[in-house]
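What follows is a set of notes on a single structure, which appears directly below.
Rule-based calculations on the coordinates, nothing more; no lab input. Not measured: the values here are computed from a predicted model. Here the Cβ positions follow ideal geometry from the backbone for every residue, glycine too, while neighbour counts run over all protein chains shown.
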Amino acid sequence: MNTKKRNLFLIAGILWLIAGTMVMKVGVPFLINDDKNFLLGLLGAIAIFLIFYIMIFSKYVNKHKNRILNDKREKMKIWEFFDKSSYILMIFMMSFGMALRFSGLLPNFFFEFFYSGLGLALSLSGISFLLLAIKNINI
């Protein structure tokens with residue numbers, strides 16, 4: 001299945017936004033319900049957000065934007081919103097995150113700040129992809 005490049009940004013944006021929302025659905029309830037460590041959890045979530053968004057996810061958005069826009073084809077395969085290494089990273093992150101969460105090795109406080117910040121970073125990356133789709137409406 002081939003599609004316009006703009007649609008690749010839409011697909012990536014929707015998937016990243018869904019992933020971010022799902023991750024936040026784990027962390028935010030822990031954060032909201034933690035009366036003793038709320039401020040510490042919130043500061044931790046902000047730190048995780050900044051680390052993941054600035055150092056990792058914004059670079060991925062830019063990498064895929066350039067790869068898609070510089071591709072000579074007019075239409076690309078629907079799954080080419082990511083490259084092979086990004087799919088591998090996504091599978092690793094999801095598998096590791098689920099295994100860690102269900103292992104019981106870490107306290108809820110970890111998920112409170114880590115998943116809240118990570119989910120927000122993923123969601124903002126999804127929004128970045130959606131903005132690229134709007135910006136590149138004619139491709």
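Fully extended, how many nm does the chain gain between Phe110 and Leu40 (0.36 nm per residue separation, minus their Cα-Cα distance)?
Value of the extension gain: 24.1 nm.
Run the quick spin-label model on Trp79 and Ile14: label points 7 Å from Cα toward the beta carbon, then report their separation in nm to one decimal.
1.8
Taking the mean number of other Cβ atoms within 10 Å as a proxy for protection, how do you rank 98-107, 2-11, 46-55 from highest to lowest?
Peptide ranking by packing, descending: 2-11, 46-55, 98-107.
With the Cα gyration tensor of region 2-49 giving a ≥ b ≥ c as the square roots of its eigenvalues, does the rule (a/c under 1.5 for rounded; else a/b larger than b/c for prolate; else oblate) give rounded, prolate or oblate?
prolate
I'm checking a number: the convex hull volume of the Cα atoms of region 76-139, normalised per residue, in Å³. What is it?
86
Extent of region 2-135 along each principal axis, from alpha carbon coordinates, in Å, largest to smallest?
Computed over the Cα atoms, the extents are 55, 28, 21 Å.
Give me the distance between the Cα centres of region 1-70 and region 82-111, rounded to whole Å.
Using only Cα atoms, the two centres lie 14 Å from each other.
Does region 34-109 come out rounded, prolate or oblate by the C-alpha gyration tensor, with a ≥ b ≥ c the root eigenvalues, rounded set by a/c under 1.5 and, if not, prolate when a/b is larger than b/c and oblate if not?
Verdict is oblate for region 34-109.
With unit charges on the beta carbon (Lys/Arg positive, Asp/Glu negative), name the residue among Phe111, Ile137, Ile32 whose Cα is farthest towards the positive pole of the charge dipole of the chain.
Of the listed residues, the answer is Ile137.
What list do you get for Met24, Met94, Met76 if you sort them by fewest beta carbons within 10 Å?
Met94, Met76, Met24
If I take every Cα pair under 8 Å that is 6 or more residues apart in the chain, average their sequence separation and divide by the length, what percent do I get for the relative contact order?
Answer for the chain is 60 percent.
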